[in-house]
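Here is the structure we will look at, set down as structure tokens.
The values are calculated or read from the model by the stated rules, or taken from the named source; none is laboratory data. This is a predicted model, so every value here is computed, not measured. Glycine gets a Cβ as well: all are built from the backbone with ideal geometry, and neighbour counts include every protein chain shown. What goes into the accessible areas is simple: the full protein's heavy atoms, side chains included, and nothing from ligands, DNA or RNA. Shrake-Rupley method; radii C 1.70, N 1.55, O 1.52, S 1.80 Å.
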Amino acid sequence: MTEIGVSRDGALADAIERLGALELGDPFEPRAAEAIVASGLHRLVVPAAAGGLGARMADAAAVLMTLGAVDGSTALGFAMQVHVVGALVDSEAVPDALRERVYGLIVRDGGLVNNAATEAGGGSPARGAIPGTSAMSEGDGTWRLTGEKTWITWLPNLSHAFVTARIAGTDPIETGIWLIDLAATGVRRLPGFEALGMRGSASGRLVLDGVRVPADALVIRRQAAAPDPRGPAPGAWFGIALAATYLGVGEGARDDVARWALSRRPGDGSTAVADVPSVQLRLGRVDAELRAARIVALDVARRWDAAAAVGDPTGLATAAGDASLAKLVATRAAVTATDEALRIAGGPGFLAGRIERAFRDARAGLINPPLEDVAVAGFARSVLARLQDRS
């Protein structure tokens, strides 16, 4: 592992160099995660006082944009670590001892973590699904968790997962989140599925068969219908991490097709594809949309960081609400950019390769929460509520 004193820029440069030595494509490549850890970049948002690189949300977003342009699946896998740990840093109601434990397993042991919340039968917890996975309280204070989770990005690489479960015997229903060591007895990792895009992110299924969990692994406990006591941090970090990742995919496609257009000289070779006015128009429109989305995403992240620095709850709530906007415009920009890149490249773009893969990878953002219809409906409710308050 890398020396603790490595800088953020140094870790990112090292990670990109290591990733460049791999043949990254659709197949899952475990060495991509190894490159992230070996460079020290996995410590990106762990506070400096705990041995991390101390990045805040805006710093982390810039890193994910850069990684997304290199390889979408690697960026998406690492985005899970970023948003989970970032939310842990900024969340209320998380036990300090557990927070420090997570920092330690990352810094000392090279740990990688993600949430395990979604279930095949219940859908996304972002839409209010109550987990079918159950947590049974034992007499000695420990817990036993049983159930199955799905859509767990980078599952083969993970050392730990934050598992959501309903607490058995509670009425009204209570839920909790536990930190699970994936090397524990009763844990099985199963392959996921052949998805349209982000295939190298290895989203899989996690089976828990009576997994024994210590009492101090409980992160939060609440009634299912109650607000999340962690506050807005989980949603804000998740939205910005996804926005940055998919924006990076779009920016990578823009640069790839621009390089291709500069080097491609059809016919007698006197004119490059890049000199064709219609190509320049398409490329310019793509660049404008991507740059606008980047401005939005970084503005939201910076406002979150500024509010967090002074403990401003109103500022945090406003920035968290805008994280869904950042994710929406970034995903739209990435989809547009990869579509236009394919149109500019024509036949060569449809051949298996970076442009074709980016086209598929960008569309994975369409199914990541917050989904576009949910986000847009929320925007509408905000407008209506504001005008009703004034009337």
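Quick rundown of the values:
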{"quantity": "Modelled FRET efficiency - R0 41 Å, A226 with R291, Cβ distances, 0.05 increments", "calculated": "0.50"}
{"quantity": "Per-peptide average of other Cβ atoms within 10 Å, ordering 276-284, 170-178 highest first", "calculated": "170-178, 276-284"}
{"quantity": "The stretch 153-250 - convex hull of the alpha-carbon atoms, volume per residue in Å³", "calculated": "137"}
{"quantity": "Solvent-free Debye scattering, log10 I(q)/I(0), computed from the Cα coordinates of the stretch 294-339 at q = 0.18, 0.24, 0.30, 0.31 Å⁻¹", "calculated": "-0.52, -0.75, -0.98, -1.01"}
{"quantity": "Listed residues D361, D181 arranged by accessible area, highest first, probe 1.4 Å", "calculated": "D181, D361"}
{"quantity": "Residue (of T314, V376, A301) at the positive-pole extreme of the chain, dipole from beta-carbon charges", "calculated": "V376"}
{"quantity": "Long-range tail of P(r) for the stretch 1-84 (Cα pairs > 17 Å, %)", "calculated": "39"}
{"quantity": "Cα-based helix-to-principal-axis angle, 8-20 vs the chain, degrees rounded to 10", "calculated": "70"}
{"quantity": "Kirkwood Rh and Cα Rg combined as Rg/Rh, the stretch 19-157", "calculated": "0.99"}
{"quantity": "Spread of Cα-to-Cα distances over 5 Å intervals beginning at zero, given as percent, for the stretch 254-391", "calculated": "2, 10, 14, 15, 15, 12, 10, 8, 6, 4, 2, 1, 0, 0"}
{"quantity": "Local electrostatic count at W304 - Lys and Arg +1, Asp and Glu -1, tallied over other residues with Cβ under 15 Å", "calculated": "-2"}
{"quantity": "Computed over the stretch 325-385, Kirkwood Rh from alpha-carbon pairs, angstrom", "calculated": "12.8"}
{"quantity": "Ranked packing of 26-39, 294-307, 331-344, most packed first, by mean Cβ within 10 Å", "calculated": "331-344, 294-307, 26-39"}
{"quantity": "Accessible surface, the chain, averaged per residue in Å² (probe 1.4 Å)", "calculated": "44"}
{"quantity": "Theoretical gain in end-to-end length, A97 to I367 [0.36 nm per residue, Cα-Cα removed]", "calculated": "93.7 nm"}
{"quantity": "With all protein chains modelled, accessible area of H160 [1.4 Å, Å²]", "calculated": "20"}
{"quantity": "Mean shadow area of the chain over all directions, Cα convex hull, nm²", "calculated": "21.4"}
{"quantity": "Distribution of pairwise C-alpha distances over the stretch 99-159, 5 Å bins, in %", "calculated": "4, 16, 17, 16, 22, 18, 7, 0"}
{"quantity": "Accessible-area composition of the chain, carbon plus sulfur, in percent [1.4 Å probe]", "calculated": "55"}
{"quantity": "Ordering of 9-16, 57-64 by burial proxy (mean other Cβ atoms within 10 Å per residue, highest first)", "calculated": "57-64, 9-16"}
{"quantity": "Whole-number percent relative contact order across the stretch 273-391, with pairs defined as alpha carbons under 8 Å at least 6 apart", "calculated": "23"}
{"quantity": "Degrees, to the nearest 10: 313-345 long Cα axis against longest axis of the chain", "calculated": "40"}
{"quantity": "Distance from the stretch 301-365 to the stretch 38-64 (C-alpha centre basis), Å", "calculated": "20"}
{"quantity": "Options T74, A97, A120, ranked by Cα towards positive dipole end of the stretch 71-146, top entry (Cβ charges)", "calculated": "A120"}
{"quantity": "Kirkwood Rh, angstrom, the stretch 90-246 [1 / mean 1/r, Cα pairs]", "calculated": "16.2"}
{"quantity": "Coordinate range along principal axes, alpha carbons of the stretch 196-288, Å, largest first", "calculated": "73, 29, 20"}
